[in-house]
Amino acid sequence: MPTKSIGEEFLKGFWKENPIFRQLLGMCPTLAVTNAMINGLAMGLATAFVLIFSSLVVSSIKKLIPSQVRIATYIVIIATFVTIADRFLAAFFPPISKNLGPYVPLIVVNCIILGRQEAFSSKNTVGRSLIDAFGMSLGFILGLLILSAIREILGFGTFFGFQVMGQWFKPWIIMILPPGAFITLGILLALALQIERKTKARR
Amino acid sequence: MKVKTFPHGIHPPEIKERTFDKAIEVMPPPEKLTIPLLQHFGSPAEPLVKKGDEVFVGQKIGEGTALFSASIHSSVSGKVLSTDNHIHPLGHSILAVTIANDGEDHLLPSLQGTKDPFSLTPDEIRQRVKEAGIVGLGGAAFPTAVKLSPPKDKPVDTVIINGCECEPLLTADYRLMLEHPEDILKGAEIVRLATGAESIIVGIENNKKKAFKIFQEKAKNNAAEVALLKTKYPQGAEKNLIYALLRREVPRGGLPFDVGVVVQNVGTTKAIWDAVSQGEPLYQRVITVSGNGIEQPKNVLVRIGTPFQNVINFCGGLKENVNLLVMGGPMMGVAQWSLETPIIKGTSGLLAWKAPLSYFEYSCIRCGRCVEHCPMGLVPSQLMKFVKFDNLIEAENWGILDCVECGSCQYSCPAKILLVHWIRLGKNKIISLRRKNKA
Amino acid sequence: MTNKTFILQSSPHFKDKDSVPKIMYAVIFSLMPAAFASIYFFRLKAVVMLFSCVVVSLATEAIFLWLRKKPFHSLLDGSSVITGLILAMTLPPSLSLELAVIGAAAAIAIGKQVFGGLGHNIFNPALVGRAFLQTSFPVAMTTWIPPVTAKINTATYATPLANLKFEEAVAQGTLTPLKDLFWGNIGGCLGEASAITLLIGALYLLFRRVIDWRIPVGIMVSLSAFTGVFWLISPEKYASPLFHILSGGLMIGAFFMATDMVTSPISPLGSWIYALGIGLIVGLIRLFGGFPEGVMYSILFMNAFVPLLNRYARPQILGERSKR
Amino acid sequence: MNLSARMIAVLTSVGLLSGGFLSTVGLLTKERIALNKQKEIEEAILAVVPGTESSQKLYEEKDLSIYGGKDEDGNLLGFAIHASGVGFQDKITLMFGTNASLTRITNLTILDQKETPGLGAKITDRESFLKYWENKDCSQPLSLRKPPAISPEDLSSSEVNTITGATISSESVLNTVNLSLERLKRLKTEGKFAIEERNAN
């Protein structure tokens, strides 16, 4: 049944099925926490953790779950891992946990995770599901990092907290506010679409 | 005197002075004419003659059998050369009768008038009007006999005689009003008798003061009211005219009958009088030949079927740089591409000038001028967008079918968008879709 | 005369002389008195600001037209000049030039071109640019200097409205006199310096029928009504409606920004609702909001309703107006 | 096994497993999370009442908690007041310290705020705002200097500086401080918390 090679399965999350730029999934954390790269990275890692472990669990017990209650089961599984991630961050990285605020618990409703369970893990082997989850997670982290890099550089003049813009630079505060998130995401989506069109035309 | 008018509308340059004071000249019929068998709103007439037949002036050569149809008559005496498809002013090719003029102008002997036209019954009047093949001469060419038959449940109380001639350049109706006011008023009386109406109102725009004075004078004997209207386009559009004069609104998709009104153009009214009193069918009409591309602008009485070329030659020919030839007025007239095309009953003017080849079309800046000027209260810019994106359902909801294509929106559009063109396209699409659904 | 060729076109065959560029240049022309007033009050700084905003607007427009492979006609239609001009006139004279440049680029790029260029934008581009700057550089956008002609020697200076809002100017009796508001000589954005020059330009536009008279009238009526009620109740606490009309960006907003054809409703009823809404929100923000001035946000806010107004406040079709 | 039984079985077991798992995780992290919170407060107290070795919660009500800071001998150094008030956007939570006689504000820190970045959010910035709060006379309510003074020397001992363009945020900090000080003074005169006695112990 699987038509893709292992490599393709892994790489699709980076571009072809990138959750942010191609599937427009997980917009809530994407827009909310990308005002600094450290937040973006933390959110990406937390999501990755939840996605990978949920995929692992779901794909290994997929035969047991009756299809009528599959969504409920997935949500319980996802919620479990989300709570673990949330508690872990609160216990060991309190400043990040404070910055991310309610968005860590909100990973429960992140469409990427439920979407992958429904679309992939429930139909594929454990191995493939893990590869898929890793690819998707890395794609998501990549997207968050691109977005937060642009916003942090323009909004604070820093890159991962290091000053990169000179003294002359006046930070664009709008970039770390919600409008900045929408504007940046919009421009990135337009660029992604343009690149996709170009590559398609070349093919 | 209070000047009546309707809301919205535009005031384009009038440019009527070229032919304003030129009396109607009778143009001798040409050697060969082509009379199309469709010169009205509705189905084409059935040909009654064939190649080689001898015909008289006023002889019926096409029979209008359908309800929305009108008979066609020969406008010269002579020999039928062919009945074949020929260029029609409205674009497509239509069956037409070509007649070689023998120069004798033999009138059909059987044509006869009525001694006392006012004693005729409504049915007799309608019969005579139908026989004479009269259609609305304002431009729409709606069969007049139909217009004279109000349905039983919609009694008519007012006859409006439309002397607005709101299109720029055109003066044919004005000259007719100056030169034949009595015939027009008598014709109006006939219309009143035929429809059973109580009153007659003649509406004249206030740039035609002279005609207004004459009518006021003459109307004293006829008990017709003469009303002065503001010079504004489209004052002569049926629904707007009714609103201006009577403050009555013709319901959407309705006819003037719905508000108890019949509107007749002055030219049509005169034709009705001629048909009823002399038995003369509609085989000639007055047109304005004007525009700065015409050497000698004139008001001309021409025979139906005369090719444009002959009419223009009669008016001194075209100037060198002319590139636009329009049948009708500049606002609603149809651009023509051939000088072979014949004059038809609905031709109110023949205009020629040099037009710019094209305008740069900007995107709509939503200035709202089309909305401000639309006499029907539509939103032309939005209709244009709906048609452009093929959203015909919305276009219909927004009243695209109520558009009378007067051109006020496109005239006033600063972005030079072809609004009327898009609306026309949308209307055609909707109507053909409806036909398809019915079939 | 044989074989003459004619062009075929659909009716009408007449066209009004007015065109999009003519309308746009009329607006530019009408902004000139206010532009010269700002140059008089703020000297070289105003010249530099006006000039650079216009140039950057044009340049951004050109770049986008080139990227989108569109004809360069719309560069010459004057609309981007207006955007640059109006943006410059809504900026504080103390603003540094590079921020003005960012604002002008943002105005054209995210205010106009991302929507598809002239005629397709939802929000007034100049105001989008200004909102971008206001959010990005709030301090720079709220630091005012007095005009050169006013002989005041302070580094910072409160606008009449900031004075009213934060200094309890009515109670203190330090409210800016109406005379100064009307003739000029007050602190504020470049284009807010003098009401009379804006009025002259606006009268020209009204006379040329470029702008819809309903919009400025509606804004002023609803703002006067709203602020008037509070003024009548306690004149020792609130400023008079006339003060509100003459101060801040209301004049330039009501005559030149709210009336932007693209982002204002097309039907008369829609224009009334739109204008009354703007006036009301300006009043609300000025009296009870966190900012001293609310013209920009209220216009942007009502801009968002224009598509709805165009749909639901459209004129009645002849035949529906009255039932016989 | 029929379908509904299987559904119940699967959901129950998944629920039970995850419940068990979570309670373990909760137990493991609970202590640490509480400790983090404690540490945050303690650090803040140390910042506003310098020299504190141990602290004690003396009073608590909605939006106001009062801590006493003591040196190693148990002498009361001052109070640390943890208070919240309405800012421009959302609640501002701050902590400020006073001396033991409640006549002098030693320091101020902002713990939590959602003010406009770059504008109101400058209340967390020591250079542009907080440094103007160090060592202020608070026997009378403090007042705000408008327009802001250029250097701290220009301010009188009971005046604090405004942030340019963020009058509302500055004002709300001032109000929170003034209100909680007033409350604290009243509580003290009413003898709602007997520091001296505890001190004696």
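Per residue, the solvent-accessible area of region A:6-202 (1.4 Å probe, heavy atoms of protein chains only, all protein chains present) comes to 44 Å².
Put simply, what bits of region C:199-217 lose 40 Å² or more of accessible area when the other protein chains are there, versus the chain on its own (1.4 Å probe)? The answer is C:209. To test your reading of the geometry: what angle, between 0 and 90 degrees and rounded to tens, separates the Cα axis of helix D:167-190 from the longest principal axis of chain D? Rounded to the nearest ten degrees, it is 90.
Roughly what % antiparallel, to the nearest 5, for the DSSP beta bridges in region D:46-200? Before the final figure, lay out each step's value.
Values: 31 of 34 bridges.
In region D:46-200, approximately 90 percent of DSSP beta bridges are antiparallel ones.
Using the Kyte-Doolittle scale, which helices in chain B average at least -0.5 and also have C-alpha atoms spread 27 Å or more along the helix axis, with helices defined as whole DSSP H runs?
Working: long enough: B:419-438 (28 Å, -0.61).
TM-like helix candidates: nothing returned.
For region C:51-84, the residues whose amide N sits under 19 Å from a probe point set 7 Å from the Cα of residue A:197 along the beta carbon direction are C:61-72.
Might you tell me the accessible area per residue for region D:88-132, computed with a 1.4 Å probe and given in Å²? Mind dumping the intermediate values first?
Details: 1740 Å² over 45 residues.
About 39 Å² of surface per residue is accessible.
Share of carbon and sulfur in the accessible area of chain D stands at 53%, probe radius 1.4 Å. At a 1.4 Å probe, what is the % contribution of carbon and sulfur to the accessible area of chain B? Carbon-and-sulfur percentage of accessible area, whole number: 53. Modelled this way, with points 7 Å down the Cα-to-C-beta line, the labels at residue A:188 and residue D:23 are 4.2 nm from one another. Its Cα centre serving as origin, chain C has a Cβ charge dipole (Lys and Arg +1, Asp and Glu -1) of approximately 1040 debye. Computed over chain B with a Gaussian network model linking Cα atoms closer than 10 Å, the most mobile of B:168, B:414, B:29 is B:414. Taking every DSSP bridge with both residues inside the protein assembly as shown, close to 75 percent are antiparallel.
What FRET efficiency comes out for residue C:4 versus residue B:434 if R0 is 51 angstrom and r is the Cβ-Cβ distance? Round to the nearest 0.05. Can you show the working numbers first?
Numbers: r = 40 Å, r/R0 = 0.78.
FRET efficiency, residue C:4 to residue B:434: 0.80.
The modelled label-to-label distance between residue B:252 and residue B:43, using points 7 Å beyond Cα along the C-beta direction, is 3.1 nm.
Could you tell me what fraction of 2.2 N^0.38 Å the Cα radius of gyration of chain B comes to, as a two-decimal ratio?
Working: Rg = 21.3 Å, N = 439, 2.2 N^0.38 = 22.2 Å.
Ratio of Rg to 2.2 N^0.38 Å for chain B: 0.96.
The GNM of chain D, with springs linking C-alpha atoms under 10 angstrom apart, assigns the highest mean-square fluctuation among D:99, D:36, D:161 to D:36.
Between A and D, roughly 1800 Å² of accessible area is buried in total, ligands, DNA and RNA not counted and the probe set to 1.4 Å.
Given R0 = 25 Å, the distance between the Cβ atoms of residue D:145 and residue C:291 translates into a calculated FRET efficiency of 0.70. Within the assembled protein chains, the solvent-accessible surface assigned to residue B:295 is about 90 Å², based on a 1.4 Å probe. Counted over region B:112-278, the DSSP beta bridges are approximately 5% antiparallel.
May I ask you to derive the FRET efficiency for residue C:304 and residue B:210 from their Cβ-Cβ distance with R0 = 56 Å, giving the value to the nearest 0.05?
Working: r = 56 Å, r/R0 = 0.99.
Here the calculated transfer efficiency is 0.50.
Report the accessible surface area buried between chains C and D, summing both sides, using a 1.4 Å probe on protein heavy atoms only, in Å² rounded to the nearest 100. Summing both chains' loss of accessible area gives about 700 Å². Surface composition of chain C: carbon plus sulfur atoms hold 70% of the accessible area, using a 1.4 angstrom probe and ignoring ligands, DNA and RNA. Here the dipole of region D:1-79 is about 740 debye; that uses its Cα centre as origin and unit charges on the Cβ of Lys and Arg (positive) and Asp and Glu (negative).
Of B:233, B:283, B:362, the residue with the greatest mean-square motion in the GNM of chain B, using alpha carbon springs below 10 Å, is B:362.
Keeping every protein chain present and rolling a 1.4 Å probe, give me the accessible area per residue for chain B in Å².
Working: 17030 Å² over 439 residues.
Value returned for chain B: 39 Å² of accessible area per residue.
With a cut-off of 8 Å between alpha carbons and a minimum separation of six or more residues, what is the relative contact order of chain A in percent? Provide the component values of the computation, followed by the final result.
Working: 264 pairs, mean separation 67.5, N = 203.
Once divided by the residue count of chain A, the mean separation gives 33 percent.
Each peptide in D:177-187, C:117-127 receives the mean, over its residues, of other Cβ atoms within 10 Å, and ordering these scores from highest gives C:117-127, D:177-187.
Burial of accessible area (probe 1.4 Å, heavy atoms of protein chains only) in region C:106-125, relative to its chain alone, reaches at least 30 Å² for C:110, C:118, C:119. Accessible area of residue C:230 (1.4 Å probe, protein heavy atoms only, ligands and nucleic acids ignored): about 50 Å². The modelled label-to-label distance between residue C:149 and residue B:199, using points 7 Å beyond Cα along the C-beta direction, is 6.2 nm. Other protein chain C-beta atoms within 10 Å of residue C-beta, averaged over D:27-34: 4. For the residue pairs C:112/D:122; B:22/B:60; C:15/C:70; B:210/B:427; B:2/B:115; B:22/B:220, the alpha carbons lie more than 30 Å apart in C:112/D:122; B:22/B:60; B:210/B:427; B:2/B:115.
What the Cα atoms of the protein assembly as shown give is an Rg and a Dmax of 41.1, 142 Å. Angle of helix D:3-48 to the longest C-alpha principal axis of chain D, folded into 0 to 90 degrees and rounded to 10: 20°. For region B:73-211, the relative contact order comes to 21 percent (Cα pairs under 8 Å, sequence separation of at least 6). Of the residues in region C:10-32, those shielded by at least 30 Å² of accessible area once partner protein chains are present, compared with the chain alone at a 1.4 Å probe, are C:10, C:11, C:12, C:13, C:14, C:15, C:16, C:18, C:20, C:23. Positive contributions from Lys and Arg (+1) and negative ones from Asp and Glu (-1), summed over other residues with Cβ under 15 Å from the Cβ of residue C:84, come out at -1.
Protection proxy ranking, highest mean first, for peptides A:15-26, D:5-16: A:15-26, D:5-16, where packing is the per-residue count of other beta-carbon atoms within 10 Å, averaged.
Within the same chain, lysines fewer than 8 places from residue B:147 are excluded, and of the rest, those with a Cα less than 18 Å from its Cα are B:130, B:186, B:239, B:270, B:345. For the chain pair C and B, the buried solvent-accessible surface (1.4 Å probe, both sides summed) amounts to about 5300 Å².
Could you work out the relative contact order of region B:112-278? I mean the mean sequence separation of Cα pairs under 8 Å and 6+ apart, divided by the number of residues, in percent.
Values: 295 pairs, mean separation 58.6, N = 167.
Taking the mean separation of contacting Cα pairs over the length of region B:112-278, I get 35 percent.
The values are calculated or read from the model by the stated rules, or taken from the named source; none is laboratory data. Please read all numbers here as calculations on a predicted model, not as lab measurements. Note that each Cβ is placed from the backbone with ideal geometry, even for glycine, and that neighbours are counted across all protein chains shown. Side chains included, ligands, DNA and RNA excluded: accessible areas come from the protein's heavy atoms. Shrake-Rupley method; radii C 1.70, N 1.55, O 1.52, S 1.80 Å.
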